[in-house]
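The values are calculated or read from the model by the stated rules, or taken from the named source; none is laboratory data. Keep in mind the model is a prediction, meaning the values are calculated, not measured. Every residue, glycine among them, receives a Cβ derived from its backbone with ideal geometry; neighbour counts consider all protein chains shown. The area values use the complete protein model at the heavy-atom level, side chains included, leaving out ligands, DNA and RNA. Shrake-Rupley method; radii C 1.70, N 1.55, O 1.52, S 1.80 Å.
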Amino acid sequence: MELFSIFLNPGFWFSLIRSSTPLIFAGMAALIASRSGITNMAIEGSMTLGALAAVVASWYFQNAWLGLLAAVLVGITIALFLAYFKLKMMADEILVAIALNLFATGASIFILFLLTGDKSNSSALNSLVLPTVSFAFLNNIPFIGQVINGQNILVYVAFISTFILNYFLFKTPMGLRIRSVGGNEHAAESVGVYVHKTKYIGLAISGMFAGLGGAFMSLGYMSLFTRGMVAGRGFIAIAAANVGGRSPIPTMFSAMLFGFFDNLGNNLQQFKVINEFVFMIPYIATIIMFAFSSYRRMTEKKRLNKKILASQKAE
Amino acid sequence: MTWFKKKPDAKRDVIKEISNIEKRFEVFRIGIALLISMVLIILVIALISDDPLGAIRELLLGPLQSLRRIGNVIELMIPLTFTGLAITMVFKTNRFNLAAEGAFYMATMVAVLVALNSPFPPVITIILGLLAGFIVGGLLGLIPALINLKFGANELVVSLMQNYIVAFFVQYLLNYVVRDPNSYAIQSYALPESVSLFRFIPGTRIHVGLILMAVVVVVAYIILYRTKWGYVLRVTGLNEKFAKYSGVKVAFVIIIAQVLGTAIAGLGGAVEMYGIYNTFKFAASPGYGWDGIIVATLAKLNPAFVPLAALFIAYIRVGADILNRSTNIPPEIVSIVQAIIILFIAAKAFMKAAKEKKIVEKSREVASEGAN
């Protein structure tokens with residue numbers, strides 16, 4: 001029963017929103033790349049280097065917004081790099097992404113050490129963090145006000161950008177073009193879509209979101225960069241996008257579901273459970289939900305065929 | 001009658017020549033990738049070091065300066081060869097299952113568990129430990145492979161999540177099961193002294209695991225290039241649909257390759273444990289699974305080249321460690337180099353124009369000869 005008391009605490013839901021935010025950003029990065037026909041497995045690395053770039057720029061310029069900008073630029077650069085290797089160098093996108101992730105892990109520790117003399121975190125750099133926002137009118141709403149008020153500004157950006165991305169993807173010509181090159185690039189080409197250009201744009205947007213996710217990790221979620229801080233969120237996001245059917249709003253909810261497990265882990269530590277098992281929760285949840293959603297996608301065609309057959313019989 | 005005989009020969013020559021050109025370009029491309037990455041590493045060192053020449057000398061020649069350091073290179077080459085072979089097997093199927101990373105870490109722990117609990121004499125304990133590492137590795141390789149087959153979930157994502165789970169599980173075993181409470185450091189009880197692999201070169205820690213490694217390399221090569229199953233596996237990796245329509249049980253082949261590959265990584269973990277250490281003290285995975293990716297890529301997924309690639313990676317790793325001890329340049333510089341090597345080798349179109357030009361030239365040459 002003690003366990004259920006944590007769900008009644010608004011603090012739990014407050015931190016649920018907070019820990020979902022990087023997954024929402026990364027989930028958007030995963031889905032837009034996937035929609036444009038390239039699997040972006042390098043989100044993990046983009047977030048890692050983005051988080052580091054954010055801290056370094058925030059410290060160097062003493063301006064958190066420039067930190068955010070730096071992270072976004074790093075994210076876009078890595079994503080375009082991936083697109084270039086895939087489209088021009090004919091490389092396997094997964095192998096390139098693996099290389100980029102290895103690079104990000106090594107390079108982030110390397111750069112961190114050169115700047116601070118410390119390999120584990122950036123506490124030596126007094127970097128600024130992005131501001132939190134509170135709305136006076138929300139204070140009047142009990143519980144919900146406590147949950148959604150006073151979050152870091154990027155939290156609101158994450159949720160709002162979900163709707164913007166949804167509009168962009170489904171209601172604008174560019175969004176249609178991105179979906180078409182991902183769906184069938186030859187068909188898209190035959191009606192005059194610049195396939196490569198469109199894919200580069202899709203990947204740039206993906207990189208931007210990965211950068212935002214990285215920036216949130218070190219300028220909001222925490223106030224510094226620590227080694228391994230992204231902790232597989234870039235890959236969990238790929239699962240989240242998959243569970244969300246590669247559409248922004250469902251992906252937002254699935255990211256929150258993954259955020260729930262992440263948060264549950266953090267909250268269970270107060271009970272006398274073995275920490276190592278608690279830490280496993282988000283990863284186990286990811287495998288299960290990822291398998292389930294992939295299975296649905298795999299059998300989608302079969303179910304569709306069945307439906308068609310059934311309707312033909314009815315006629 | 002001579003012209004009649006000459007013609008088919010010329011044709012065969014052309015095909016041979018072209019495949020030679022392709023092979024030469026492949027080697028050349030890898031050479032260029034290595035060169036560019038080494039130039040880059042040297043540039044970075046030159047930028048950040050006070051004594052760049054000394055630092056570069058440490059990095060490139062440091063590992064050769066004493067028997068102990070040469071020993072270090074060989075010692076490191078052994079686990080890298082095992083994980084490199086593991087990734088080679090797995091990648092041959094075109095499945096990016098990276099369970100080998102977790103398998104290696106898990107197997108080092110399994111080897112410790114076996115050594116601490118075995119009632120048998122040392123030799124049997126060692127054999128049991130190696131076998132246990134192999135089996136546990138295989139099981140860990142099986143999970144993402146099966147989830148991919150049955151549910152269609154991307155095996156890379158599943159295997160990476162699994163690696164996190166495995167790492168936490170190993171840390172649990174370390175903290176709650178095998179931890180020596182009398183030791184200040186976080187480490188396991190000491191293994192029985194006799195449960196270790198024989199070190200046959202005095203002054204180094206080079207152990208009989210080296211011989212086992214050589215055997216596994218040969219066996220892997222024979223399996224892949226000299227058996228029917230290996231042929232089927234290679235065909236499947238090259239063109240899954242073709243294999244399927246030729247009557248290959250694609251799913252089965254792909255699963256077995258991932259299980260066998262990851263099992264080799266597990267074997268490597270157990271060998272490393274018994275060969276080098278007498279207590280378990282990895283608070284985090286040594287990460288040899290990640291190095292296996294670069295070794296396998298550098299070896300062009302051919303087991304015969306894996307030890308060579310592992311030797312190269314071990315050499316620059318040891319060089320970077322030496323550099324780190326004397327100059328404070330972090331050894332992570334190596335992972336930057338590794339990433340660049342993978343990128344250049346993965347980039348199929350890199351220098352493609354030059355290769356094609358050469359092939360066209362050769363064909364024209366032969367064509368004009370034929371016309372005469």
The equivalent-ellipsoid semi-axes of segment A:234-315, taken as the square roots of five times the Cα gyration tensor eigenvalues and listed largest first in whole Å, are 36, 13, 10
Rounded to two decimals, the Debye log10 I(q)/I(0) of segment B:134-180 (Cα scatterers, no solvent) at q = 0.20, 0.31 Å⁻¹ is -0.70, -1.05
Using a 1.4 Å probe on heavy atoms of the protein chains only, the accessible area for A:Arg303 in Å², nearest 10, reads 100
Computed for the protein assembly as shown: size of charge dipole around the Cα centre, +1 on C-beta of each Lys and Arg, -1 on C-beta of each Asp and Glu, debye to nearest 20, value 2500
Rounded to the nearest 10 degrees, the helix B:288-298 long axis (Cα) sits at an angle to the longest Cα principal axis of chain B of 10
Partner aspartates and glutamates whose C-alpha sits under 18 Å from that of B:Lys300, ignoring same-chain residues fewer than 8 away, are A:Asp92, A:Glu93, B:Glu22, B:Glu26, B:Asp291
Summed over the other residues with a beta carbon less than 15 angstrom from that of A:Tyr194, with K and R at +1 and D and E at -1, the charge totals +3
The helix B:2-48 Cα axis meets the longest alpha-carbon principal axis of chain B at an angle in degrees, between 0 and 90 and rounded to 10, of 40
Taking N as the number of residues in chain A, the ratio of its alpha carbon radius of gyration to 2.2 N^0.38 Å works out to 1.05
Taking alpha-carbon centroids only, segment A:59-125 lies from segment A:1-54 a number of Å equal to 18
Expressed to one decimal in nm², the mean projection of the alpha carbon convex hull of the protein assembly as shown is 41.1
Cα-based Debye curve of chain B sampled at q = 0.10, 0.12, 0.15 Å⁻¹ gives log₁₀ I(q)/I(0) of -0.72, -0.98, -1.35
Comparing each residue of segment A:262-291 in the complete protein assembly with the chain by itself (heavy atoms, probe 1.4 Å, ligands and nucleic acids ignored), those losing at least 40 Å² of accessible area are A:Ile274, A:Glu276, A:Phe277, A:Met280, A:Tyr283, A:Ile287, A:Phe290, A:Ala291
Excluding ligands, DNA and RNA, the carbon-plus-sulfur percentage of the accessible area of segment A:2-231 with a 1.4 Å probe reads 67
extent check for segment B:35-139: Cα max minus min per principal axis, descending, whole Å, gives 55, 38, 19
Taking protein heavy atoms only, a 1.4 Å probe, and rounding to whole percent, the accessible area of segment B:76-312 owed to carbon and sulfur comes out at 69
For B:Ile222, B:Ile313, the accessible-area ranking with a 1.4 Å probe, largest leading, is B:Ile222, B:Ile313
The farthest towards the positive end of the charge dipole of segment B:262-372, of the residues B:Thr262, B:Ile276, B:Thr297, given +1 on Cβ of Lys and Arg and -1 on Cβ of Asp and Glu, is B:Thr297
Eigenvalues of the alpha-carbon gyration tensor of segment A:64-114, times 5 and square-rooted, give semi-axes in Å, largest first, of 23, 16, 6
Around B:Phe96 (Cβ within 15 Å, Cβ-to-Cβ, excluding B:Phe96; K/R +1, D/E -1) the net charge comes to -3
For A:His186, the accessible surface traced by a 1.4 Å probe with all protein chains present amounts, in square angstrom to the nearest 10, to 130
If one compares the long axis through the Cα atoms of helix B:209-226 with the longest principal axis of the Cα atoms of chain B, the angle in degrees, nearest 10, works out at 40
Taking the chain alone as reference and the full protein assembly as comparison, with a 1.4 Å probe on protein heavy atoms only, the residues of segment A:69-90 that lose at least 30 Å² of accessible area are A:Phe85, A:Met89, A:Met90
To the nearest 20 debye, segment B:76-312 has a Cα-centred charge dipole, built from +1 on Lys and Arg Cβ and -1 on Asp and Glu Cβ, of 720
The Kirkwood hydrodynamic radius of segment B:77-131, taken as the inverse of the mean 1/r over all distinct Cα pairs, in Å, comes to 12.6
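Leaving out ligands and nucleic acids, and using a 1.4 Å probe, what accessible area per residue does segment A:2-231 come to in Å²?
40
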One point scatterer per Cα, no solvent, Debye formula: log10 I(q)/I(0) for segment A:67-204 at q = 0.19, 0.22 Å⁻¹ comes out as -1.15, -1.28
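Leaving ligands and nucleic acids out of the surface, order B:Ser326, A:Ser46 by accessible area at 1.4 Å, largest first.
Result of the area sort, largest leading: B:Ser326, A:Ser46.
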Once all protein chains are kept in place, B:Val360 shows an accessible area at probe 1.4 Å, nearest 10 Å², of 70
On protein heavy atoms with a 1.4 Å probe, the accessible surface that disappears when B meets A, both sides summed and given to 100 Å², is 4000
Long-range share for segment B:322-363, i.e. C-alpha pairs more than 12 Å apart as a percent of all pairs, stands at 70
Result for segment B:150-278: accessible area per residue, probe 1.4 angstrom, in square angstrom, of 49
Descending accessible area (1.4 Å probe), largest on the left, turns B:Thr83, B:Thr227 into B:Thr227, B:Thr83
A:Met222 neighbourhood, Cβ < 15 Å, K/R = +1, D/E = -1, net charge +2
In segment A:2-231, lysine pairs 8 or more places apart or on different chains with C-alpha atoms under 23 Å apart total 6
Listed by chain and number, the aspartates and glutamates with an alpha carbon less than 17 angstrom from that of B:Lys23, same-chain partners under 8 positions apart left out, are B:Asp13, B:Glu356, B:Glu361
